[in-house]
Structures are given as C-alpha cells and as structure tokens.
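One structure is given below, encoded as structure tokens.
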Amino acid sequence: MNSANVAWLRLVGVTIGICSLAFSACQYEVPITSAPTRKVQEQLLGNWKSSDGKEELKVRSLDDNVYIVYYDGDLFRAYHSDVAETPFVSVQDLNSRDRKFAYVVWKLSDDGKDLRMRSVNDKVIPKEIRDSTAIAALLTKNARNPELFGEEIEFKKEK
C-alpha cells in the first residue's frame, strides 16, 4: 500500500470516529455535499468498540457510496464529503423526525485495527447555516483552525 493510500485511510478513520461523536450531535439541516465524493472503504466496514468498552459502532455498506452505521441503538446514513483536501463525512440521523446531519472526520490506523473520530465544532461552523455551499466554504476557510474539531473518540475493531 503506498503512502498516499495509507494517509487517506488514516483520514477516513478519523471521519468514522467523528461519526460516533456526531451521532449525539446531529444538528445541521444540510449535508456538507449533496452527494458522496468517494466510494465506501472496505477497511471501515465491520464492528468497532470504544476503548473504554462502553460504545459499539457497526459500519456496513448500503451501496457503493453510502454507509449505514449502527451506533448504540441508533441508525445513521453516512457518506464521504471531501472538502479542502479533508475527508469529511456527512452523517444523517435516521431515527429522528428531522433527520439532521453531523459532520465528522475519522482516522484509521495503518493496520486497520484502530479508528479515531472527531466531530466538527458548531462554534466554528454554526448550525444555523442551511446551505451546503456555505458550509463547504466555512470548512475550507477553517481547515487549519485547531478549534474546528471537538474531542476525539477511539474505537478498536472487533474480530
């Protein structure tokens, strides 16, 4: 596997991790991008457990471009929404009536056994913005802002 693929897989890992954080923070009206920007990554599919053993994450593919994620009893639809050379994920809550979105980044370890996630901070990207183009512009503008992301959560892949 070349270094570009490894780097990309790491970023994908961050996105999944953020999904878990985002699942409890779905608050945006629109996705980052209206359609997926990448195909489903096989390395992300499977069952994951948080480092403390309290949270479970199951990632499956719905089709070539969309994930279905089960996180502690809730279902989410997720897809890659790359912006500013960062592999963001738009995560939609399927259990709620309003079906709002969360924005997440993830990072997968080189061996594919560890997944780290972080969600986008709504103090940097206000939840009141209801336009995907405006969201993407703000993410691009803040790509290097250390305040863009919240706390990291780590998962281990189950066998």
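Just so it is clear, none of the values below were taken in a lab; they were calculated from the coordinates. Computed from a prediction, not measured in an experiment: that's the story for all the values here. Backbone-built Cβ (ideal geometry, glycine too); neighbour counts: all protein chains shown.
3J(HN,Hα) along the range 76-91, derived from phi through the Karplus expression 6.51 cos²θ - 1.76 cosθ + 1.60 where θ = phi - 60°, amounts to 9, 10, 9, 8, 5, 9, 5, 8, 6, 6, 10, x, 6, 10, 8, 10 Hz, with x in place of Gly and Pro.
Would the range 3-157 count as rounded, prolate or oblate if I go by the C-alpha gyration tensor, calling it rounded below 1.5 in a/c and otherwise prolate when a/b exceeds b/c, oblate otherwise?
Details: a/c = 1.43, a/b = 1.22, b/c = 1.17.
Because its axes are fairly even, with a/c under 1.5, the range 3-157 counts as rounded.
As a calculated quantity, the FRET efficiency between residue 51 and residue 131 at R0 = 41 Å, using C-beta atoms, amounts to about 0.65.
Given labels modelled 7 Å from the Cα in the Cβ direction, how far is it in nm from residue 60 to residue 147? Placing both labels 7 Å along Cα→Cβ, they lie 4.1 nm apart.
Sort the following peptides by mean Cβ neighbour count (other Cβ atoms within 10 Å, averaged over residues), highest first: 110-118, 66-74. Write down the numbers at each step before the final one.
Details: 110-118: 19.1, 66-74: 16.8.
Descending packing order for the listed peptides: 110-118, 66-74.
Starting from the Cα of residue 124, move 7 Å in the Cα-to-Cβ direction to define the label point; list residues of the range 62-81 whose amide nitrogen is under 20 Å from there. Of the residues in the range 62-81, 79-81 have backbone N under 20 Å from the label point off residue 124. Taken over the range 3-157, lysine pairs spaced eight or more positions apart, or on distinct chains, with alpha carbons under 18 Å apart number 22. Residue 100 sits among other residues whose Cβ lies under 10 Å from its own Cβ, and their net charge, with Lys and Arg +1 and Asp and Glu -1, is 0. Put a dot 7 Å past the Cα of residue 158, heading toward its Cβ, do the same for residue 86, and the two dots end up 3.1 nm apart.
A simple rule links phi to the HN-Hα coupling: the Karplus curve 6.51 cos²θ - 1.76 cosθ + 1.60 with θ = phi - 60°, which for the range 137-152 gives 5, 5, 5, 5, 4, 9, 3, 9, 6, x, 8, 5, 10, x, 4, 8 Hz, with x for Gly and Pro. In order along the range 121-127, phi translates into HN-Hα couplings of 7, 6, 7, 8, 10, x, 5 Hz, rounded to whole numbers, per the Karplus curve 6.51 cos²θ - 1.76 cosθ + 1.60 with θ = phi - 60° and x for Gly and Pro.
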